[in-house]
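These notes are about the structure you will find just below.
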Amino acid sequence: MEQSTHAATTHRIEVEDLLVEATTALFDAHGISLVRLDPEAAVRVQSGTMVTSTVGFAGDDLRGALVISTSLDFVRRLQVQLGSDESSIEAASDTLGEFSNMLLGRLKYSLLLRGVTIFVATPTTALGEHLMVPPLTGCPSPWLRFDGEMGVFNTRLDASFSPEFAFATASPRDLPVGAGEMMMF
Amino acid sequence: MSTKVLVIDDSLLVRQQVGRTLSAGGFTIIEAVDGADAMQKLTASPDIRLIVCDVNMPRMNGIQFLESMKREEKGAGISVVMLTTEGQTELVQRAKSLGARGWIVKPFKPELLLAAAKKLTAAA
């Protein structure tokens, strides 16, 4: 059962804010600056081949999927930035799939710090022209749009919250390992 | 002869990034796309001394791979470092209990991975 509309909307906005932070931090970690676009701002037209990647996730009180989408040109530039010389369609799909994986990993980390645990699936990627990814029925998920020198990058979180969903403080002994960190045993 | 490293990740991008980093440090790279593929590569190359392993992979994930290595007693003389987007304490502890020697959360810093690889293979 879904939460009351007000509570679910509040939680959705908080989690989307975490996703915005995670997106800019992920690209920043790769030396790429992205700025979130005002939802009302005019968006650069994206034509040509698009690539989209989706990763499902599930927890006790939160479940859904992360969707990211951008142009093939953006992915090609990203590959160059990462030092890849692969030009195949499979390599481009793989690159965006890995980015969706890392992005959801960062969001998972932020949620763990707030006492929310989710489990993450493996990504699925699609590529083509005129790609459409409609949101889940009853799931008012807006596209979060970012812009930078590589082009426009879009993320969306199709999340559904159970009535029991709540943020909490993670126990110090359960603090997760953060992105870029290394732990040796 | 250079030290062999098995890089297990379903992402070509990550296998290439790790391979480039460790090749520059003098290691020889063998790639596997998931845990099941890695078990075959281990059998084919018993002189592998280091494994860099993802967690979330299709067919056989990284934790299942560690379990399989332990069950089939293929881990002697091999150090395993997990390289993943996951940072959850339970998973880290599970990997440690199965014999992993390190845990790195992506994106990795090349100099740290190389330093860890050199340290672990020098001690082996």
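Could you tell me which residue of the stretch A:148-185 is surrounded by the most Cβ atoms within 10 Å (Cβ to Cβ), considering only residues that are acidic (D, E) and at pLDDT 90 or above? I'd like the intermediate steps shown before the answer.
Filtering the stretch A:148-185 down to residues acidic (D, E) leaves A:149, A:158, A:164, A:174, A:181.
Going one step further and asking which of them are at pLDDT 90 or above, we end up with A:149, A:158, A:164.
On the way: A:E149: 8, A:D158: 19, A:E164: 10.
Within the stretch A:148-185, the match that is surrounded by the most Cβ atoms within 10 Å (Cβ to Cβ) is A:D158.
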| note | Going through (1) surrounded by 16 or more Cβ atoms within 10 Å (Cβ to Cβ); (2) farther than 20 Å from A:L82 by Cα; (3) of a type in the set (K, R) one by one, B:K119 fails only at (1)
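Would you pick out the residues in the stretch A:81-96 that are assigned to a loop (DSSP other than H, G, I, E, B) and either at the interface with chain B (Cβ under 7 Å from one of its Cβ atoms) or not hydroxyl-bearing (S, T, Y) (or both)?
Hits for the stretch A:81-96 are A:L82, A:G83, A:S84, A:D85, A:E86.
Do any helices (runs of 4 or more DSSP H) lying entirely in the stretch B:14-99 carry at least 2 residues that are surrounded by fewer than 19 Cβ atoms within 10 Å (Cβ to Cβ) and within 12 Å of chain A (Cβ to nearest Cβ), and which ones are they?
Values: elements: B:35-44, B:62-71, B:89-97.
The helices (runs of 4 or more DSSP H) meeting that bar are B:89-97.
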| request: State the number of residues belonging to the stretch B:95-113 that are under 21 Å from B:G77 (Cα atoms) and within 15 Å of the chain's Cα centre (by Cα). | output: 10
| In the stretch B:100-111, which residues are open to solvent by 60 Å² or more (accessible area, probe 1.4 Å) and modelled with pLDDT under 95? | B:K109, B:P110, B:E111
| query | Among (1) among the aromatic types (F, W, Y); (2) within 12 Å of the chain's Cα centre (by Cα); (3) assigned to a strand (DSSP E or B), where does A:F99 come up short? | reply | (3)
| What number of residues in the stretch B:2-13 are part of a helix (DSSP H, G or I) and surrounded by fewer than 19 Cβ atoms within 10 Å (Cβ to Cβ)? | 0
| request: Please enumerate the residues belonging to the stretch A:105-138 that are part of a helix (DSSP H, G or I), facing another protein chain (nearest Cβ under 7 Å) and not hydroxyl-bearing (S, T, Y). | output: A:G105, A:L112
| remark: Within the stretch B:24-59, residues over 12 Å from B:V14 (Cβ atoms), out of contact with any Gly (no Cβ under 7 Å at 6 or more places or on another chain) and in contact (Cβ under 8 Å) with a residue 60 or more places away in the chain come out as B:A24, B:G25, B:F27, B:L50
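The values are calculated or read from the model by the stated rules, or taken from the named source; none is laboratory data. Note that the structure is a prediction, hence the values are computed from the model and not measured. When we count neighbours, we look across all protein chains shown, and the Cβ atoms used for this are built from the backbone with ideal geometry, even at glycine. In case anyone asks, the SASA skips ligands and DNA or RNA and just uses the protein heavy atoms, side chains included. Shrake-Rupley method; radii C 1.70, N 1.55, O 1.52, S 1.80 Å.
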